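The values are calculated or read from the model by the stated rules, or taken from the named source; none is laboratory data. The shown structure was predicted, so the numbers you read here are calculated from the model rather than taken from an experiment. Positions of Cβ are generated from backbone atoms using ideal geometry, with glycine treated the same way; all protein chains shown enter the neighbour counts.
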Amino acid sequence: MMYLIKTPSIIQRLFANYTWSFPTKKKEIFLTFDDGPTPEVTEFVLDELKKYDAKATFFCIGKNVKCHHHIYERICEEGHTVGNHTFNHLNGFFTKNSEYIENIQQASAHIHSDLFRPPYGRLKSSQGKILTKQGYKIIMWSVLSGDFDHKVTPEKCLENVIQNTKEGSIVVMHDSIKAKEKIYYSLPKILSYFKEKGFAFSAIS
């Protein structure tokens, strides 16, 4: 699987209608978590965020919200933002437009948000146009932690975030079983490291 830890500026310019980062001189980072809510893992993430008075954005899968609604409610109650990540974690490249949009609408019955992130970051431009017309803001990222990759160690995951994150960065992590070991290792260290450097962690509004 080929992917880049840091999104090149040329890609950000080519797809400038999507949000990749926030232009700011404020010491502010936007942590995002994809694929939850997941029992234990999302709860661990919420506990850690609370310790550092950090806010984040959770791009939730509709079927997971349906199964674990109490965790979804806790995310909202604790002042974090939620976003739509489809109902079944669909890959836009391999899904017909009508089916893709319908799946997002199915998720929107459970996830109340105008923020959308495509699973795998894969979205046809035609799908992006439909979603933008429907009022969705498409949120991508500038830093990918690599926590979903079984070949990436917890230490490397931490290094990916620390070395590439700056003011206004949108960082992707996953509150999923697959990423559990890396999240448990890296998240407390990421929060501690940037807090000591005077950064705040904000939710995407």
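See the values below:
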| item | result |
| --- | --- |
| From the options Val152, Val172, residue that is under 13 Å from the mean Cα position of the chain (by Cα), closer than 21 Å to Phe44 by Cβ and either buried (at least 20 other Cβ atoms within 10 Å of the Cβ) or without any contact (Cβ under 8 Å) to a residue 60 or more places away in the chain (or both) | Val172 |
| Extreme residue, nearest to Ile111 (Cα to Cα), among residues of segment 36-54 that are assigned to a loop (DSSP other than H, G, I, E, B) and of a type in the set (D, E, K, R) | Glu40 |
| Scope segment 77-104; condition assigned to a helix (DSSP H, G or I) and under 24 Å from Phe148 (Cα atoms); matching residues | Gly92, Phe93, Phe94, Tyr100, Asn103, Ile104 |
| Near pairs, Cβ below 7 angstrom, 6+ apart or cross-chain, from segment 80-98 (in contact (Cβ under 8 Å) with a residue 40 or more places away in the chain) to any residue that is among the small types (Gly, Ala, Ser) | His80/Ala56; His80/Ala203; Thr81/Ala203; Thr81/Ser205; Gly83/Ser113; Asn84/Ala107; Asn84/Ser108; Asn84/Ser113 |
| From the options Lys129, Lys189, residue that is more than 25 Å from Asn64 (Cβ to Cβ), without any contact (Cβ under 8 Å) to a residue 12 or more places away in the chain and not aromatic (Phe, Trp, Tyr) | Lys129 |
| Segment 175-205, subset in a loop (DSSP other than H, G, I, E, B) and not hydrophobic (A, V, I, L, M, F, W, C), residue surrounded by the most Cβ atoms within 10 Å (Cβ to Cβ) | Asp175 |
| Candidate set from segment 93-112 (those that are in contact with a helix residue (DSSP H, G or I) (Cβ under 8 Å, 6 or more places away or on another chain) and closer than 11 Å to Ser126 by Cβ); member that is surrounded by the most Cβ atoms within 10 Å (Cβ to Cβ) | Tyr100 |
| Which numbered condition Gln163 misses (of (1) of a type outside the set (A, V, I, L, M); (2) free of Cβ contacts under 8 Å to residues at least 24 places away in the same chain; (3) within 26 Å of Lys66 (Cα to Cα)) | (3) |
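For (1) closer than 22 Å to Phe199 by Cα; (2) within 17 Å of the chain's Cα centre (by Cα); (3) surrounded by 14 or more Cβ atoms within 10 Å (Cβ to Cβ); (4) modelled with pLDDT of 95 or more, each residue gets a yes or a no:
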{"residue": "Phe15", "(1), (2), (3), (4)": "no, no, yes, no"}
{"residue": "Phe22", "(1), (2), (3), (4)": "yes, yes, yes, yes"}
{"residue": "Leu31", "(1), (2), (3), (4)": "yes, yes, yes, yes"}
{"residue": "Asp35", "(1), (2), (3), (4)": "no, yes, yes, yes"}
{"residue": "Phe58", "(1), (2), (3), (4)": "yes, yes, yes, yes"}
{"residue": "Val82", "(1), (2), (3), (4)": "yes, yes, yes, yes"}
{"residue": "His85", "(1), (2), (3), (4)": "no, yes, yes, yes"}
